[in-house]
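The values are calculated or read from the model by the stated rules, or taken from the named source; none is laboratory data. The structure displayed is predicted, hence computed values, not measured ones. Methodologically, a virtual Cβ is constructed for each residue, glycine included, from the backbone with ideal geometry; neighbour enumeration extends over all protein chains shown. The protein model used for the area step is the full one, side chains on, heavy atoms only, and it has no ligands, DNA or RNA in it. Shrake-Rupley method; radii C 1.70, N 1.55, O 1.52, S 1.80 Å.
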Amino acid sequence: MISLPRCLAIVLLAASFLLSPRSFAAPAPQPARKVALVIGNSSYDGADRLIAPANDAKLIGDTLRQLGFETRVATDLSQEEFKAAVAWLAQASRGAQVSLFYFAGHGFESGGDNFLVPVHAGVPIRAMTRPLLLERAIRLGYVRSKVIPSAPTSFIAAIDACRVPSRGNAGPGLKPEKVGQGELIAFSTADQAPAYDSMRNFGNFGSAADNSPFAYYLAMNMKTPGATIKHTLDLVQQQVAELTGGQQRPWIASGLIGDVPLGAQYLVASNVPTGKVADTTRGGATRGSVPPVVTPSPTAPTAPTAATPPESNGAGVHLPAYLAERLAKARENPSAQPAAPQPTPQVERANAWDDAEFRLTQAAQRADRNDIAALRARGNDAAALTTLGMIYEYGYGVPRDGKAAVNFYKRAANTGYPIAQTLLGEIYFEGKLAQRDYAESEKWLARAASQDYTRARLDLAQVRATRGQGGANGMQNWADAASIMIDSIRRQQQSTQQQYGR
């Protein structure tokens with residue numbers, strides 16, 4: 001971590017992670033039954049043809065399967081095929097906790113109804129009248145009327161339509177729909193506004209260039225540890241609007257009671273190379289020096305000597321005395337701390353990201369040539385890119401290469417991955433692997449903090465304090481983040497004690 005929050009992180013993480021190997025995975029609960037229908041229509045006739053929907057359907061379908069959804073993916077459907085697919089979803093939704101419908105393609109409103117357009121409708125999109133739509137398209141209301149009687153606990157519809165085609169102009173937009181209890185409807189763009197069909201206009205996104213912004217960020221955020229549908233869509237709304245300069249802003253209406261978890265362990269399940277004992281040092285926590293590799297005895301774990309947090313970082317930013325005292329007590333006797341905070345979605349996400357960072361660090365520290373080759377083969381996978389960044393920054397099994405490390409972090413950060421965003425933000429704050437740039441640092445840390453990553457929240461408070469921002473609110477944010485991290489220490493130390501019978 002950077003400077004002053006680093007004093008928090010080093011103290012906390014040293015107390016927590018220089019311990020013997022253990023498993024962070026709690027016993028898996030019986031998964032809820034979740035079903036999904038994913039449709040992507042690209043092959044419209046003539047100038048109405050779209051680039052991305054078929055790619056988007058594959059991306060969203062693969063993501064939902066990884067999250068445990070029973071998923072049917074279909075592309076370029078005619079009207080009859082579309083109706084048959086909806087009939088499947090209605091049948092599959094009986095007894096389901098979550099039923100999800102995703103559509104990518106052309107769609108727009110006419111006469112108060114939102115229509116989703118099949119391929120080969122026989123009429124150009126802009127020439128379609130309401131009578132033709134009623135005859136040849138599918139009303140969103142039709143989908144809802146078929147699925148909702150099956151009584152899934154929650155029904156989610158994500159409509160990535162109103163697209164601007166590769167040639168020609170967009171048709172009219174969709175209109176907001178009223179939702180009932182237990183429903184959530186998300187449109188990729190606001191009332192009567194167009195949606196971008198691909199990422200090609202927004203920089204080099206590699207293979208993701210042929211996905212829509214909405215699908216790209218939806219898939220990415222659904223895979224974050226502890227993700228819920230409302231929080232995911234809030235992030236998607238923010239990220240799509242930011243990418244497009246406010247020209248596209250997703251619209252969301254929810255009648256859900258509470259929230260719907262999507263899948264907590266997707267990104268943290270397979271980051272340690274198999275067949276190896278991983279170090280338990282959290283390598284990324286002490287940027288600027290190579291973290292020590294500690295291999296304690298598996299039968300006699302010992303806690304490290306607690307470090308004393310410095311009072312300031314030399315830039316006039318001071319650690320509050322009450323917070324330093326609380327951190328010291330947490331290190332000395334975690335069991336004597338107050339009861340852990342209630343497991344809110346925010347706390348669960350924070351804990352999940354802490355564990356994800358730990359696992360990525362383990363993978364980096366033990367990586368050999370074969371592991372590095374396997375990580376590279378994973379292409380734009382954000383966890384793999386972040387792990388490669390750690391490997392090259394600290395020289396794990398390869399010569400140190402700061403330029404390569406920054407490049408890997410940037411690629412992962414540009415996908416929205418908060419661990420990489422935080423590491424990149426720290427680099428810009430410290431000015432060691434890249435020129436110091438507080439504004440760039442704050443940008444990346446703010447994005448990571450919005451996903452409830454504790455380390456980013458601590459860093460962001462530090463950056464804003466250094467820039468003369470934040471004031472009392474900054475201290476409160478800092479204290480809140482530290483509280484969550486203290487609970488993470490307690491949780492993981494207790495797990496270790498239970499594992500070794502201490």
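Extension gain, Ala151 to Asp191, is 11.6 nm, computed as 0.36 nm per intervening residue step minus the present C-alpha separation. Cross-link pairs exceeding 25 Å in C-alpha to C-alpha distance, out of Lys146/Lys223; Lys230/Lys443; Lys230/Lys410; Lys34/Lys443, comprise Lys146/Lys223; Lys230/Lys410; Lys34/Lys443. Relative contact order, whole percent, for segment 394-463 stands at 25, derived from Cα pairs under 8 Å and 6 or more residues apart. On a per residue basis, segment 82-153 carries 39 Å² of accessible surface, using protein heavy atoms and a 1.4 Å probe. Based on protein heavy atoms only, segment 367-465 ends up with 35 Å² per residue of surface accessible to a 1.4 Å probe.
Here the label points at Gln181 and Arg400, each 7 Å from Cα along the C-beta direction, are separated by 6.1 nm in the simple model.
Within the straight-line cut-off of under 19 Å between alpha carbons, the aspartates and glutamates reachable from Lys178 are Glu109, Asp113, Asp160, Asp191, Asp234, Asp259, sequence neighbours fewer than 8 places apart in one chain being disregarded.
Share of carbon and sulfur in the accessible area of segment 401-462 stands at 46%, probe radius 1.4 Å.
Remark: spin-label model distance Ala127-Arg94 equals 4.3 nm, labels positioned 7 Å along the Cα→Cβ axis.
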